[in-house]
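Step one of this worksheet: look at the structure below.
The values are calculated or read from the model by the stated rules, or taken from the named source; none is laboratory data. On a predicted model such as this, the values are computed, not experimentally measured, just so you know. Here Cβ is always computed from backbone atoms with ideal geometry, including for glycine, and neighbour counts include all displayed protein chains. Note: areas computed on protein heavy atoms with side chains; ligands, DNA, RNA excluded. Shrake-Rupley method; radii C 1.70, N 1.55, O 1.52, S 1.80 Å.
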Amino acid sequence: MRVEQIDIFEYLEQLEKEEAARAATNARAPRTGHVPQPRRDFVPSWVIRVLKWLVYNIPLLFIFQWVNVYTITRGFGGRENGGWYYKRFVCEESRLVYRWEAEALKLKLERQFSGLKWGQISAESYGQDVMVCIENRKAARQTVTKPTYEPGRIKNKFILEG
């Protein structure tokens, strides 16, 4: 068996020269400043709006459903009409499951999150409740902002997309 001795510095210089030659042959053409954009006018805007609505409101042809866990607390709405309160929903967990598995997961999550319940939710006292819902959207009931007050009713704003 014969062992050949090489100079490491010569070998590294040779590799650098090969890399420089390879980079010179793969050089890209200079940019001209104008980059053609793909055409987007072939789909009407109303079709895009309808498709977005379908995606947000009908999850994957009714095969999947969201199981959402909410904690419900009391929120102070404002001082109008002697002070008013509203229920504030905060999504703690969301899971996307097959429709036929949703009810079993709901029961499991109700047992798992039952320890978060305490007190009583009313205008006079504080507390927290837990609610598990099967819904078509992720965190569909979550409170985003403080509701607006109108005499006789309160309008609450929810998340419109998941």
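Name the single residue, out of those in region 72-88 being touching a residue at least 60 places away in the same chain (Cβ under 8 Å) and open to solvent by less than 90 Å² (accessible area, probe 1.4 Å), that is farthest from Ser122 (Cα to Cα). Per the criteria, the residue is Glu80. Please specify each residue of region 108-119 satisfying the condition of being assigned to a helix (DSSP H, G or I), more than 14 Å from Trp66 (Cα to Cα) and open to solvent by less than 90 Å² (accessible area, probe 1.4 Å). If the condition is that a residue be assigned to a helix (DSSP H, G or I), more than 14 Å from Trp66 (Cα to Cα) and open to solvent by less than 90 Å² (accessible area, probe 1.4 Å), then Glu110, Ser114, Gly115, Leu116 are the ones that fit. Checking each residue in region 89-100 for being open to solvent by 70 Å² or more (accessible area, probe 1.4 Å) and touching a strand residue (DSSP E or B) at 6+ places or on another chain (Cβ under 9 Å) picks out Glu92, Arg95, Leu96, Tyr98, Arg99. For region 130-146, a tally of residues being charged (D, E, K, R), out of contact with any Phe, Trp or Tyr (no Cβ under 7 Å at 6 or more places or on another chain) and crowded, with 17+ Cβ neighbours inside 10 Å returns 0.
Among the residues that make up region 134-145, is at least one of them over 13 Å from Val67 (Cβ atoms) and of a type outside the set (S, T, N, Q)? Yes, that holds for at least one residue.
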